[in-house]
Amino acid sequence: MTQPATRLPWNRRFRGWLRKNWLLDTAWKITVFMAGVSVMTLGAVLLVLPGPGWAMIALGLIILASEYVWAQKLLHPIRKKLRQAKEKAQDPQYRTQVRAASAAGFVLVAAAAGAYLWRYGTSLDGVRGLWPL
């Protein structure tokens, strides 16, 4: 008796259908390239402006890696670094250090806010010396 054919996920079936026609395949590759480069360009802009610049660049590489081997090779070191960061974040000693540093930072911010409120109350007199309001 023969094995039933395993059904591929919809995205692989769709991509296989596109590969059958060279015009659709070329249009798909151009679309993926334009989308990936656009997201990476936005990420480069967000490196200067406030925003998740490096995350957008990585997302653009992920989009390009869906079609291009050179993008997969560029993405490999990033995945390796992310794996190392995940392992470090799961280390109990590191987590304890991060919690202690976060608690110390919270105490410092709370002390600064308390000192400001004690000195100036709820007015902006202490801030007016920094820049004109």
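The values are calculated or read from the model by the stated rules, or taken from the named source; none is laboratory data. Every value quoted in this text rests on a predicted model; they were computed, and no experiment measured them. Please note: Cβ atoms are built from the backbone with ideal geometry, for glycine as well, and neighbour counts cover all protein chains shown.
Set side by side, the residues GLY43, GLY36 differ, and just one is touching a Pro at 6+ places or on another chain (Cβ under 9 Å) and either loosely packed, with under 13 Cβ neighbours inside 10 Å or at pLDDT 90 or above (or both), which is GLY43. Checked against (1) surrounded by fewer than 12 Cβ atoms within 10 Å (Cβ to Cβ); (2) at pLDDT 95 or above; (3) not aromatic (Phe, Trp, Tyr), THR26 passes all but condition (2). Annotation note: of LEU18, LEU23, LEU59, the sole residue that is without any contact (Cβ under 8 Å) to a residue 24 or more places away in the chain, within 14 Å of the chain's Cα centre (by Cα) and assigned to a helix (DSSP H, G or I) is LEU59. Pick out the one residue from GLU67, GLU87 that is of a type in the set (Asp, Glu) and in a helix (DSSP H, G or I). Every option except GLU87 fails the conditions. Among the residues making up region 17-37, those that are closer than 15 Å to LEU64 by Cα and of a type in the set (A, V, I, L, M, F, W, C) are ALA27, TRP28, ILE30, VAL32, PHE33, MET34, ALA35, VAL37. Being out of contact with any Ser or Thr (no Cβ under 7 Å at 6 or more places or on another chain), in the same structural domain as ARG12 (by TED's automatic domain parsing) and loosely packed, with under 10 Cβ neighbours inside 10 Å is a condition met by at least one residue of region 61-69.
VAL48 meets the conditions (1) modelled with pLDDT of 90 or more; (2) surrounded by 10 or more Cβ atoms within 10 Å (Cβ to Cβ) in every case but one. The failed one is (2).
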